[in-house]
Amino acid sequence: MTVLILNEKTNTGTKPPGFVSDFSKRVAKAGLWSFTLRFSSRLFTLVRIIVLARLLAPNDFGLMGLALLLMTAVEKFSETGFLSALVQKKENISEYLDAAWTAQIIRSIVLFVILFVGAPLAARFFDAPRAIAIIRVIAFAELFKGFTNIGVVYFRKELEFNKQFVYQFSGIIVDLVVAISAALILKSVWALVFGLIAGHFVKLTMSYVIHPYRPRIRIDLRKIGELFTYGRWVLAYVVIGFFAMRADSAVLGKMLGITALGFYQMAYRISNLVGTEVAEVLSMVVFPAFSKLQSNIPKLREGFFRSLEVTASISIPLCAGLALLGFDFICLLLGEKWMPMIQALRLLTIAAPFLAFMRIICPLFSAVGRPKLTFLMQLSRLGVLGAFLFPLTKNFGMVGTTSAVLLSVLLIIPIWWRKAAEIVEVSSYRLFKEIAPSIFATFVMILFIVLAKQAIKEPGIWRLLLSTIAGAAGYIGFLLLLWKKSHNGPIGSLLFVKQSLQH
């Protein structure tokens, strides 16, 4: 959220020092609401994971994971990129809305038919006959998405994230309540299915309650063609991004079975929950913010620095802490039946901060009108993943799959890093300086956690609590010391925001 307080230039020159423009205030407010939405949703997601992991079996999560994998696949392969194009457009978009909504409906009907008819083929490929009915039921979620009010695009374009919060959070709450209630009664994978469907139906309803726009069916090939000119590169990098992000699940599910897929997707979900959430929050806000600042390189650079710094300050220590305390976390909160995923979880927590950085860099590429660059970056990552995924999974199982994911990130992130540095016109080393305080503070945190674990050798709730408190104290204490000595680091960004909001 610290990226958001940026002074702007007008035709009459630079605004007076200490003055925060209406745009900056709107972006700051949007960042606050976006952070609240993401924090609240992930808190409820964590509760959902813990409760359902206790009530359901890994095989249930594997079946649901397979169904969601297929739903995501057909979505990504038909991505229009229209919503991103509408957000990125500088002019009035009202005349494009009906055409975009009509295309959205047609797409959703086609996807529903593909999922419903293709369910037996997918189930046969993964040797999971129980998945047929599950895939066909969740296909209705595609219809709900398609008929959603296109007017909600204004929530992002106009930075009205307070309305976005109500719209998104309503579905999250309903999903949580329905899934847990059904799990207590059914104790089967259908609890996850019913929660998903209920959540999407409520979001469909709320889209018309919250936004007054009422779309109409209108086929306008010229308008659709204009949107697709930008959206084609969104489609390209979304498709490649899907392979880069989901190929691991598909290969593992085929080679190791549905139960192993359940373990793997749980580990992936938890690692991303702590590792990339801040970046997800920022990416929703920085894309429209960076788009408005794309011609002002100094301010664009400042915003990118601050978003990168905050992402690092939260994702790096959280992932390191989870890697060290993963055994205690799984054993106490999820149950011993989930212990086979511990090694995969540790490897994925190493990859998670780098994935978080990618989530901040992608909006930068798109905001300056270079979505093709994101496509090329994702393509290079997919190439590395493809080279390692099959042989490592075959020889080392789930650990091999996670190792391939980690290698695909570690070998490619230097290219992303350098390209981002070129866009904001600094050196790669200058970018590294923005995250260095968080890295050094994390080493201090690791030391404190190791000492705490040595003090209480027996795994349990007290060791988890003591280690967490000790690690947090070491991390925050080092950052405070760094700020006192040099006025550098994440605390400086937070104080910058506070001071800006006071003017």
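Just so you know, all these numbers are worked out from the coordinates, no wet-lab data involved. Keep in mind it's a predicted model, so treat the numbers as computed, not measured. Glycine also receives a Cβ, built like all others from the backbone with ideal geometry; neighbour counts cover every protein chain displayed.
Compute the FRET efficiency between A387 and A133 as 1/(1 + (r/R0)^6), taking r as their Cβ-Cβ distance and R0 = 41 Å, and round to the nearest 0.05.
0.65
If packing is taken as the average count of other Cβ atoms within 10 Å, what order do 302-313, 470-481 fall into, highest mean first?
The peptides rank, most packed first, as 302-313, 470-481.
What length, rounded to one decimal in nm, is gained on full extension from I106 through to K254, with 0.36 nm per residue of separation minus their alpha-carbon distance?
50.1 nm
Rounded to the nearest 0.05, what FRET efficiency is calculated for L447 and F125 with R0 set to 60 Å and r the Cβ-Cβ distance?
E(calc), rounded to 0.05, equals 0.80.
Give me the one-decimal nm value for the distance between modelled label points at V51 and S181, 7 Å along each residue's Cα-to-Cβ direction.
Going by the 7 Å Cα→Cβ label model, 1.1 nm.
What is the extension gain from I415 to V117, computed as 0.36 nm multiplied by their sequence separation minus the C-alpha to C-alpha distance, in nm to one decimal?
Difference between extended and current length: 103.2 nm.
Within 10 Å, count the other beta carbons around each residue, average over each peptide in 397-404, 431-438, 119-126, and list them highest first.
397-404, 431-438, 119-126
So if R0 is 45 Å, what FRET efficiency would L480 and R246 give, r being the distance between their Cβ atoms, rounded to the nearest 0.05?
Using R0 = 45 Å, I get an efficiency of 0.65.
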